[in-house]
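All of the numbers you see were taken from the coordinates with simple rules; none came from a lab. Computed from a predicted structure; not experimentally measured. Virtual Cβ from ideal backbone geometry, glycine too; neighbours counted across all protein chains shown.
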Amino acid sequence: MEQINLKNRKKMKNLLFVAFGVFLLLSIRIGVIQFINGNELKKMAYEQQIQHRSINPKRGTIYDLTGEYILAESSTAYTVTVNPTNILSEDKEKVAKKLTELFNLDYETVIKKVKKISSIETIVKKIDKEQADILRKWLIENNINTGINIDEDSKRYYPYSNLASQVIGFCGGDNQGIDGVEAKYDNILAGTKGAITKATNALGAELGTEGENYIAPIDGKSLVLSIDMTIQSIAEKYLEEACIDNSCTDGGNIVIMNPKNGNILAMATYPSYNLNEPYTINNEEMRNNWENIEQKEKTKALQAMWRNKAISDTYEPGSVFKLITASASLEEGITDTDKAGEFCCTGSITVAGARIKCWRYYRPHGSESLREGLMNSCNPVFIGLGQKLGVETYFKYLNKFGLLSKTGVSLPRRSK
Ligand SMILES: [Zn+2]
């Protein structure tokens, strides 16, 4: 009897030890879950229970001066996203396969996104309605009700492709302005994103309209440029012709201003590029060899193509400046427009001991009036006038013509 009791006592003691041990381990485990993994788990629960998707607003339209021509507009497109935690495990592979096939994607990338522990993953952006409808139909047929979202988005379109490309600029994948007017006025054009927030149960199924919150996006505002589409087209046509005829390897620019108010009616850059495909290089030779070019070189080439040289590059005005000298001299009364024989070109003029040639030094212009001097673009005439004006007076006119102040052109400048 005594022996049995002792045995039982020992057993009970052991049992107590084991029970205490288990209790201790469980306490530690609870502690780990609560205090170490707590935040992570809370986040996962939130992701499982709450779906949050942003809704893109429609970007504003860009019009030309007349308001008749649309230079940039947004059309409806769709974005497909997934909430991986809300797709049933047994459906994941099937869904990934369908998305891959439908949108011509890489299966490995898609399956990774579908299986990821994450609240939302973007599968494809800017698909058209037809593709969106095919996916919707397939989802219904396969009884997949949660975890895949087809949301309205917008796609930027430039009806005149290459027209005023370096002025207008283009947008990125998230409809954000990357260059030109699109970048400069992004805050006006972009609008404000909306959102859909939905509560779901533990299995990821939506809880009806209860707990659903919809914040409508606010569409962007439209812009009217000072660019006149007709004048811009004409400027581009003749610029292209002139650049080709004269083999201008570095391209060219034309800026046409309204002299009354300084509004820029046209700003043409040659060569231009297609705004609907801003990442396709406009140089045929480079385009054919694109895959073999290093990334750094590609970036450099694209940035050079996008650059609005009319505002980003410096240019020595040369003979164009003769108009400034002529105007200042007329205003100061030191010359007349048509006084025969006022000037005499001998093919060169000496300034501070340096001989400066007329462009037609081999057959000097001889006797000429100011009007003839301008027609001949004769260098000695204007060097002489400049000397007569003197530095201070000349400077005063440069200032009056606004040549010493900033242009105020509201476009982003891209450095070389
Ligand atoms: Zn001359």
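Of the trypsin sites (Lys or Arg not before Pro) in segment 80-120, the ones in a loop by DSSP (not H, G, I, E or B) with at most 16 other beta carbons within 10 Å are Lys116.
Anisotropy class assigned to segment 318-400 is oblate, per the alpha carbon gyration tensor with a/c at or over the 1.5 cut-off and a/b no larger than b/c.
Rounded to whole numbers, the Karplus 3J(HN,Hα) couplings from phi for segment 223-229 are 10, 10, 8, 7, 5, 9, 3 Hz, using 6.51 cos²θ - 1.76 cosθ + 1.60 with θ = phi - 60°, and x at Gly and Pro.
Can you tell me the length gained on complete extension of the stretch Asn143 to Ala304, counting 0.36 nm per residue apart and subtracting the Cα distance?
Working: separation 161, 0.36 × 161 = 57.96 nm, distance 5.07 nm.
Here the answer is 52.9 nm.
In order along segment 236-252, the Karplus-derived 3J(HN,Hα) couplings, from 6.51 cos²θ - 1.76 cosθ + 1.60 at θ = phi - 60°, round to 5, 4, 6, 5, 4, 4, 5, 5, 5, 4, 9, 6, 6, 5, 9, x, x Hz, and Gly and Pro are given as x.
When both segment 140-156 and segment 287-366 are represented by their alpha-carbon centers, they are found 59 Å apart.
Using DSSP to call loops (not H, G, I, E or B), can you name the GluC sites (Glu not before Pro) in segment 130-190 whose Cβ has at most 13 other Cβ atoms within 10 angstrom? Write down the numbers at each step before the final one.
Details: sites: Glu130, Glu141, Glu152, Glu182; in loops: none.
Here no GluC sites (Glu not before Pro) fit, given the DSSP loop and packing criteria.
Can you give me the relative contact order of segment 318-400 as a percent, contacts being Cα pairs under 8 Å and 6 or more apart? Kindly include the intermediate steps, with their values, before the conclusion.
Working: 110 pairs, mean separation 29.0, N = 83.
Once normalised by length, the contact order is 35 percent.
Taking chymotrypsin sites (Phe, Trp or Tyr not before Pro) as candidate sites, keep only those in a DSSP loop with at most 16 other Cβ atoms within 10 Å, then name the longest stretch of the chain containing none of them.
Numbers: sites that count: Tyr279, Tyr315, Trp359, Tyr361, Tyr362, Phe401.
That would be 1-278.
Please identify every one of the trypsin sites (Lys or Arg not before Pro) in segment 233-323 that sits in a loop by DSSP and has no more than 11 other beta carbons within 10 Å of its own beta carbon.
Details: sites: Lys237, Lys260, Arg287, Lys296, Lys298, Lys300, Arg307, Lys309, Lys322; in loops: Lys260, Arg307.
Qualifying residues, ordered by number: Lys260.
Using the crude model of +1 on Lys and Arg Cβ and -1 on Asp and Glu Cβ, and no other charge, please compute the dipole size for the chain relative to its Cα centre, in debye to 20. Charge dipole of the chain: 2180 debye, to the nearest 20.
Principal axis extents of the Cα atoms in segment 107-158, from largest to smallest and rounded to whole angstrom, are 38, 24, 20. Near Val351, the amide H atoms lying under 5 Å from its own belong to Ile356; only residues 5 or more places off or on other chains count, and H is placed 1.01 Å from N. Using the Cβ-Cβ distance between Ser222 and Arg360 with R0 set to 51 Å, the FRET efficiency works out to roughly 0.45.
Would you mind telling me the antiparallel percentage of the DSSP bridges in the chain, rounded to 5? Don't jump to the answer; show the numbers that get you there.
Numbers: 41 of 43 bridges.
Bridges in the chain are about 95 percent antiparallel.
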